[in-house]
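Participant: Have a look at this one.
The values are calculated or read from the model by the stated rules, or taken from the named source; none is laboratory data. Predicted, not measured: the structure shown is a model, and the values here were computed from it. Every residue, glycine among them, receives a Cβ derived from its backbone with ideal geometry; neighbour counts consider all protein chains shown. SASA here: full protein model, heavy atoms, side chains in, ligands and nucleic acids out. Shrake-Rupley method; radii C 1.70, N 1.55, O 1.52, S 1.80 Å.
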Amino acid sequence: MKKRINIIYAMVLVMFAAVSCEQFENVSDIGQVESLSAKISVTLNLGSAPEPDMLNVKLINYEERYELETSMSPDGTITVSDVLPGIYTITVTSEKNSGGFTYNYSGNVVNEAIVTDNKQINVNVGASKSGALVFKEVYYCGSRTPSGGSYFRDQFYEIYNNSEVVQNARGLSIALLNPMTATANLPVWEGEDADQYVYALQIWQVPDDMDYMLNPGESIIIAQMADDHNKSNLNPNSPVNLITAEFETFVRTTSLIQDNPAINMTMGFWPRPTPQWLTTVFGGAFVLFFPPEPIDPNSPTEVVSPVGSSTQSFRIPIESVVDALENVGNPNQIQLKRMPAVLDAGAMTVGGTYLAKSVARKVKETLQDGRVILYDTNNSTNDFEVMDPPVIRRYGAKAPSWNTWK
Amino acid sequence: MKMRKVKYMKGAWSIILALLLAQVATAQTKTEQNSPVSIEMLKAKSLWFNSGNGAGLILDNLRSFSFLEAGYTTTNGDFKLNQQGEKESVLGIVTEGGQKIGDAYAWGSFSYDNITTRDSRFNTAMLDPFRGVPFYPVDPNLSDWKKQEYNLKMKVASKPLWDRYIFGVQGVYNTQTGAKQIDPRSELYYYSINVKPGVAAFFGNHQVGLNLEYENMIQETRGHTNSNSQVNQNVFVMKGLGNHYTSVIGGLQSLKSFVYNANKVGGEFQYSYDLSDVRFFLNGGYTYRVEDVISDVTKPKKEGTLKESAMYANFAAVAQGENLHRLDVSYRSDRVKGIEYVQVLDLTYEVQQWVDLYSSIRSTYDQDDIRLSYDFYRGAGHEYSWKAGLFANYRLNDDLYIMPESQMKVENLYFGANGKVNLGAGANGKFILGADFVYKNNMDGLYNYGGADPASIVITQFMTPDFEYLKQNYYKIGGAASFFTTIGQARKSGMFLKVAADYYKPTEGDGNRVQATFGVGFTF
């Protein structure tokens, strides 16, 4: 009897140990968090640009909302201390005026795990003259109708000539990238040079029928639907009237959609179009680019699909991109970047859907004639801010002279 | 889900049936009539009953007893934590019985509570937000909650074997379900089972005991939903001391549901000594518990882990002569460590899983609790004629979020007095009137938040007001009255009605909270 009871107790003990063992073992040697150091060095690929005087270094842990900022000499290394273990985006930026031009220097390393002490990180830093055509304001999240419904036809994209010289928007294309929304499940693209491209789900193009000149300080508005959205049959609560927009992404008329005064853009690539070009209200990733070759939506080489998916995407060489902006659904998704850091090292969000808010580039300086120069450091987290409400041509931006319906 | 619920219910009703049968058996064999006061007295004389060792039931020399009570408790008032309801009501039933089975003893209880909480805030997905887990989502919307809780307990002690050894086991099985009633909504299921096998031995006036402990707990959220799918709801996922990240419920990137899974092991020793009319009892134990919190069961991401160790010791002395004196001293130390992870998603097409790169203790939660109480019972027989008690309770909570540093410290001293009088009311009736007073004195309190977003409503409307509540001085005045009468021709069963009320009031500022209880019960 006694022996039997002992056996039962022993079995109970073994059962307890087996059930708990793995879970306990997993945490047995986890120690207290300690701050780390990281050694940052840079490799300069400046081409003909002059060497910057100093570089600003920023380490951002988006998940923890933790930032460290310092500066370094272009020919040295710097040790950054007080690094909280985590996943970081490291950006190195600078700016220099030389020979009448403003040069931007930027380099990024994204999703870099700093979980060991004294980790060495090298950042390739490139130089470019400030972008001429930039996204100035993007209103993607839509608005609420008076009855609380969702309204998404008032989306717009404002593109601004941020330079000192006249630009031609002829053939300029805007693309919504794949994946449509921020996700941890990024598509995998085949090919050794896959990282030299971004992949568009949809492309719209400024018609190639004439020149569309933009003077410094002028902007064009690309509207999903260039109508007065305050009309009673649309959304009296909409924050915008887009009847003066230069372009619209017109597909076909419906009971709500009409062909407005705006110039109709050319649908460059969109395998399965719907009556309106609705981009995701959760925040899409957009690029502006000039196609190096005419867009062929049936091209056997340029139309590709990610591994394991039949979704068709059109690949765009990164070198043809003139500006980029990544939007995400909420601040926590900034770490789920799908845009290459060389185009946009950060991301922006209005923080929700149907909020009637936009993201707009911050003003870097206002010239004597009132024209504004906007920030363009290839990091939308730094360059943009949330605007409530969205406004077209804010900061005194002018419509181009060929817009006769403004 | 429905199948599981049916299984719970079958188990619950089986136990109830067993207890009721035990009650009938008790009624048929016992000689002294049980009443609420006599059951209270029985437990006051017991030393092993509240230990972790079921084998000790024999050493308390308990008689058979049983009771059944149904009650309704309502709580109102704004002197409360955010996550408590402005109004709460509990409709409950509890039954408890102890039964001698030859020289062995079995005890069991079952309770069911139907809980309605109105206008609670900053709780999106926790059935019990106060159970000590720092990893959970919150939202600022005022919301009602509906909950149900089933609680089954049992203790069994064998007859003495070889005139020296007693074997026993204790078990607790608890299930809870609940649902949040306003967007963002959650449907939750909780279960825990706790088993404590034990052994006791007696050597003359000395008795020793030892028991082990194992507990398993799971809490599942069956998805977050919004009734209004047009409006996504912002939520904040807490990580401790106000540190949080933001997320959203609704849409393509909706926050995934959390699953909590815990295991606990432990052990406890007991020693008691009988010295003529005085019995001494000493017990102490240690438990170690790990609780993992993951989100998204199909692609698990670790939200955090808790590593808890607890040490406790109690001393009790009961002197039984013409009257009964009972002294209790207890100490408990809880040390909880909050572990967080740095993870990356392995994007390999066929794999796509979260991989740990780094893990560390990011927060610690320490609690020390010392309690001293003394109770005097006038009369030491089957019932007391009156009783009076005093207690003092010191509690220190010292919590730290290590990087970036945040700290919360609350040091409180509670002391109070209580009394009850047992008055005759006719040949078969009794009135039991009671009153108690508690005063909470805050000795120290600080909350420094050093995280990323001090302007967040999580800090300004949740953490800071709750901290202010925790460090407030208050007093509680309580009163209770019950009437007991025998029923049936044999007068071996009894029935009682009771009302009780507690009034909480801070010493500074407005606000109060009132709790009232109405109950009806039977003893057998």
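Participant: On the given criteria, is residue A:55 more than 14 Å from chain B (Cβ to nearest Cβ) and open to solvent by less than 20 Å² (accessible area, probe 1.4 Å)?
Facilitator: On the way: more than 14 Å from chain B (Cβ to nearest Cβ): yes; open to solvent by less than 20 Å² (accessible area, probe 1.4 Å): yes.
Criteria met by residue A:55.
Participant: For a quick check of your reading of the model, give me the residue pairs whose first member lies in region A:62-83 and is within 12 Å of another protein chain (Cβ to nearest Cβ), whose second is exposed (fewer than 14 other Cβ atoms within 10 Å of the Cβ) and assigned to a strand (DSSP E or B), with beta-carbon atoms closer than 9 Å and at least 6 apart or on different chains.
Facilitator: A:68/A:81; A:68/A:82
Participant: Still on this structure, please answer the following. Conditions: (1) at pLDDT 95 or above; (2) over 24 Å from residue B:131 (Cα atoms); (3) surrounded by fewer than 20 Cβ atoms within 10 Å (Cβ to Cβ). Residue B:259 meets all but one. Number of the miss?
Facilitator: (2)
For (1) over 30 Å from the mean Cα position of the chain (by Cα); (2) open to solvent by 10 Å² or more (accessible area, probe 1.4 Å); (3) aliphatic (A, V, I, L, M), each residue gets a yes or a no:
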{"position": "B:236", "(1), (2), (3)": "no, yes, no"}
{"position": "B:241", "(1), (2), (3)": "no, yes, yes"}
{"position": "B:245", "(1), (2), (3)": "no, yes, no"}
{"position": "B:248", "(1), (2), (3)": "yes, yes, yes"}
{"position": "B:266", "(1), (2), (3)": "no, yes, no"}
{"position": "B:274", "(1), (2), (3)": "yes, yes, no"}
{"position": "B:279", "(1), (2), (3)": "no, yes, no"}
{"position": "B:285", "(1), (2), (3)": "no, yes, no"}
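Participant: Another question, if that's okay. Could you tell me whether region A:25-33 includes any residue that is modelled with pLDDT of 90 or more, away from chain B (no Cβ under 11 Å) and part of a strand (DSSP E or B)?
Facilitator: There is no residue in region A:25-33 that is modelled with pLDDT of 90 or more, away from chain B (no Cβ under 11 Å) and part of a strand (DSSP E or B).
Participant: Looking at residue B:310 and the list (1) more than 14 Å from every other protein chain (Cβ to nearest Cβ); (2) closer than 29 Å to residue B:407 by Cβ; (3) among the hydrophobic types (A, V, I, L, M, F, W, C); (4) open to solvent by 30 Å² or more (accessible area, probe 1.4 Å), which single condition is not satisfied?
Facilitator: (4)
Participant: Against the definition (open to solvent by 10 Å² or more (accessible area, probe 1.4 Å), in contact with a Pro (Cβ under 8 Å, 6 or more places away or on another chain) and of a type in the set (S, T, N, Q)), how does residue A:237 come out, yes or no? Even if it seems obvious, please write down each step before you answer.
Facilitator: Details: open to solvent by 10 Å² or more (accessible area, probe 1.4 Å): yes; in contact with a Pro (Cβ under 8 Å, 6 or more places away or on another chain): yes; of a type in the set (S, T, N, Q): yes.
Yes: the conditions hold for residue A:237.
Participant: I've got another one for you. Collect the residues in region A:41-61 that are at negative phi and touching a Gly at 6+ places or on another chain (Cβ under 9 Å), keeping them in residue-number order. Explain how you work it out, then say what you get.
Facilitator: In the first step, residues of region A:41-61 are kept if they are at negative phi; the result is A:41-46, A:48-61.
Residues satisfying the conditions are A:41, A:42, A:43, A:44, A:45, A:46, A:49, A:50, A:55, A:60, A:61.
Participant: A further question on this structure: Looking for something part of a strand (DSSP E or B) and open to solvent by 30 Å² or more (accessible area, probe 1.4 Å) - is there at least one such residue anywhere in region A:169-192?
Facilitator: Step one: of region A:169-192, the residues part of a strand (DSSP E or B) are A:173-177.
Okay, now just the ones that are also open to solvent by 30 Å² or more (accessible area, probe 1.4 Å), so none.
No - not one qualifying residue is present in region A:169-192.
Okay, residues lined up against (1) surrounded by fewer than 17 Cβ atoms within 10 Å (Cβ to Cβ); (2) under 30 Å from residue B:66 (Cβ atoms):
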| residue | (1), (2) |
| --- | --- |
| B:465 | yes, no |
| B:472 | no, no |
| B:487 | yes, yes |
| B:507 | yes, no |
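Participant: Take the residues in region B:426-441 that are farther than 20 Å from residue B:505 by Cα and hydrophobic (A, V, I, L, M, F, W, C); name whichever of them is surrounded by the fewest Cβ atoms within 10 Å (Cβ to Cβ).
Facilitator: First pass over region B:426-441, keeping only residues farther than 20 Å from residue B:505 by Cα: B:426-433.
Now narrow it down to the ones that are hydrophobic (A, V, I, L, M, F, W, C): B:427, B:431-433.
On the way: B:427: 8, B:431: 13, B:432: 23, B:433: 15.
Result: B:427.
Participant: Looking only at region A:186-203, how many residues end up being within 13 Å of chain B (Cβ to nearest Cβ) and in contact with a strand residue (DSSP E or B) (Cβ under 8 Å, 6 or more places away or on another chain)?
Facilitator: Residues in region A:186-203 being within 13 Å of chain B (Cβ to nearest Cβ) and in contact with a strand residue (DSSP E or B) (Cβ under 8 Å, 6 or more places away or on another chain): 3 in total.
Participant: Give region A:34-45 a look and list any residue that's facing chain B (nearest Cβ under 10 Å) and surrounded by 14 or more Cβ atoms within 10 Å (Cβ to Cβ), or say none. Please lay out each step first, then the result.
Facilitator: First pass over region A:34-45, keeping only residues facing chain B (nearest Cβ under 10 Å): A:34-36.
A:36, the sole residue that qualifies.
Participant: Moving on to the next point. Looking at region A:128-149 only, could you name the residues that are of a type in the set (Ser, Thr, Tyr) and either under 21 Å from the mean Cα position of the chain (by Cα) or open to solvent by less than 40 Å² (accessible area, probe 1.4 Å) (or both)? Let's see the steps before the verdict.
Facilitator: Kept after step one, since they are of a type in the set (Ser, Thr, Tyr), are these residues of region A:128-149: A:128, A:130, A:139-140, A:143, A:145, A:147.
Once the filter is applied, which keeps residues that are of a type in the set (Ser, Thr, Tyr) and either under 21 Å from the mean Cα position of the chain (by Cα) or open to solvent by less than 40 Å² (accessible area, probe 1.4 Å) (or both), region A:128-149 yields A:128, A:130, A:139, A:140, A:143, A:145.
Participant: May I ask you to list the residues in region B:329-371 that are within 11 Å of chain A (Cβ to nearest Cβ) and more than 30 Å from residue A:309 (Cα to Cα)?
Facilitator: Of everything in region B:329-371, those that are within 11 Å of chain A (Cβ to nearest Cβ) and more than 30 Å from residue A:309 (Cα to Cα) turn out to be B:337, B:338, B:339, B:340, B:341, B:358, B:359, B:360, B:361, B:362, B:363, B:364.
Participant: Now for a different question. Among the residues of region B:287-300, what is the count of those that are open to solvent by less than 40 Å² (accessible area, probe 1.4 Å) and touching a residue at least 40 places away in the same chain (Cβ under 8 Å)?
Facilitator: Here the count works out to 6.
Participant: Taking strands (runs of 3 or more DSSP E) that fall entirely within region B:441-524, which contain at least 3 residues that are more than 25 Å from the chain's Cα centre (by Cα)?
Facilitator: Details: elements: B:474-487, B:493-506, B:513-523.
Qualifying strands (runs of 3 or more DSSP E): B:474-487, B:493-506.
Participant: Anything in region A:265-279 that is surrounded by 22 or more Cβ atoms within 10 Å (Cβ to Cβ) and part of a loop (DSSP other than H, G, I, E, B)? List them, or say none. Steps first, answer last, please.
Facilitator: Within region A:265-279, the subset surrounded by 22 or more Cβ atoms within 10 Å (Cβ to Cβ) is A:265, A:269, A:277, A:279.
Residues satisfying the conditions are A:265, A:277, A:279.
Participant: Go through (1) surrounded by 18 or more Cβ atoms within 10 Å (Cβ to Cβ); (2) of a type in the set (Asp, Glu); (3) within 30 Å of residue B:339 (Cα to Cα) one by one and return the number of the condition residue B:444 breaks.
Facilitator: In the conditions (1) surrounded by 18 or more Cβ atoms within 10 Å (Cβ to Cβ); (2) of a type in the set (Asp, Glu); (3) within 30 Å of residue B:339 (Cα to Cα), residue B:444 misses (1) alone.
Participant: So which residues in region B:230-245 are at the interface with chain A (Cβ under 9 Å from one of its Cβ atoms) and in contact (Cβ under 8 Å) with a residue 24 or more places away in the chain?
Facilitator: Taking region B:230-245 and keeping what is at the interface with chain A (Cβ under 9 Å from one of its Cβ atoms), we get B:230-232, B:234, B:237, B:243, B:245.
B:231, B:234, B:237, B:243 - these are the residues of region B:230-245 that are at the interface with chain A (Cβ under 9 Å from one of its Cβ atoms) and in contact (Cβ under 8 Å) with a residue 24 or more places away in the chain.
Participant: Another question, if that's okay. Please determine, by comparing only the residues of region A:179-190 that are more than 27 Å from residue A:387 (Cβ to Cβ) and in contact (Cβ under 8 Å) with a residue 24 or more places away in the chain, which one is farthest from the chain's Cα centre (by Cα).
Facilitator: In the first step, residues of region A:179-190 are kept if they are more than 27 Å from residue A:387 (Cβ to Cβ); the result is A:184-190.
Checking the rest, the ones that are also in contact (Cβ under 8 Å) with a residue 24 or more places away in the chain come to A:184, A:186-190.
Numbers: A:184: 15, A:186: 15, A:187: 17, A:188: 19, A:189: 19, A:190: 23 Å.
Step by step, filter region A:179-190, then rank; the result is A:190.
Participant: Another one. May I ask you to list the residues in region A:329-379 that are open to solvent by less than 20 Å² (accessible area, probe 1.4 Å) and among the acidic types (Asp, Glu)?
Facilitator: A:344, A:376, listed by residue number.
Participant: Return yes or no: is residue B:375 among the acidic types (Asp, Glu), at pLDDT below 95 and part of a strand (DSSP E or B)? Give the steps one after another, and end with the answer.
Facilitator: On the way: among the acidic types (Asp, Glu): yes; at pLDDT below 95: no; part of a strand (DSSP E or B): yes.
For residue B:375, the condition - among the acidic types (Asp, Glu), at pLDDT below 95 and part of a strand (DSSP E or B) - is not met.
Participant: Please specify each residue of region B:391-425 satisfying the condition of being away from chain A (no Cβ under 14 Å), buried (at least 17 other Cβ atoms within 10 Å of the Cβ) and under 16 Å from residue B:362 (Cβ atoms).
Facilitator: B:399, B:408
Participant: Moving on to the next point. Only one of A:154, A:195, A:227 is of a type in the set (D, E, K, R) and loosely packed, with under 15 Cβ neighbours inside 10 Å; which?
Facilitator: Working: A:154 fails: loosely packed, with under 15 Cβ neighbours inside 10 Å; A:227 fails: loosely packed, with under 15 Cβ neighbours inside 10 Å.
A:195 is the lone residue from the list that is of a type in the set (D, E, K, R) and loosely packed, with under 15 Cβ neighbours inside 10 Å.
Participant: Scan region A:110-127 and give yes if some residue there is of a type in the set (Val, Ile, Thr), in a strand (DSSP E or B), within 18 Å of the chain's Cα centre (by Cα) and more than 14 Å from every other protein chain (Cβ to nearest Cβ), otherwise no. Break it down into steps so the answer makes sense when it comes.
Facilitator: To start, the set of residues in region A:110-127 that are of a type in the set (Val, Ile, Thr) comprises A:110, A:114-116, A:121, A:123, A:125.
Those still in the list that are in a strand (DSSP E or B) too: A:110, A:114, A:121, A:123, A:125.
Retained after the next criterion (residues that are within 18 Å of the chain's Cα centre (by Cα)): A:110.
Going one step further and asking which of them are more than 14 Å from every other protein chain (Cβ to nearest Cβ), we end up with none.
Looking for residues that are of a type in the set (Val, Ile, Thr), in a strand (DSSP E or B), within 18 Å of the chain's Cα centre (by Cα) and more than 14 Å from every other protein chain (Cβ to nearest Cβ), one finds none in region A:110-127, hence no.
Participant: Going residue by residue through region B:161-171, is there one that turns out to be outside any strand (DSSP E or B) and closer than 30 Å to residue B:340 by Cα? Even if it seems obvious, please write down each step before you answer.
Facilitator: Filtering region B:161-171 down to residues outside any strand (DSSP E or B) leaves B:162-164.
Of the ones still in play, those that are also closer than 30 Å to residue B:340 by Cα are none.
No, there is no match, as no residue in region B:161-171 is outside any strand (DSSP E or B) and closer than 30 Å to residue B:340 by Cα.
Participant: In region B:194-213, what count of residues is obtained for those that are open to solvent by 20 Å² or more (accessible area, probe 1.4 Å), in contact (Cβ under 8 Å) with a residue 12 or more places away in the chain and either within 11 Å of chain A (Cβ to nearest Cβ) or of a type outside the set (Val, Ile, Thr) (or both)?
Facilitator: Initially, region B:194-213 is screened for residues open to solvent by 20 Å² or more (accessible area, probe 1.4 Å), giving B:195-196, B:199, B:202-206, B:208, B:210, B:212.
Still in the list and also in contact (Cβ under 8 Å) with a residue 12 or more places away in the chain: B:195-196, B:199, B:202-203, B:205-206, B:208, B:210, B:212.
Next, from what is left, pick out any that are either within 11 Å of chain A (Cβ to nearest Cβ) or of a type outside the set (Val, Ile, Thr) (or both): B:195-196, B:199, B:202-203, B:205-206, B:210, B:212.
Qualifying residue count, region B:194-213: 9.
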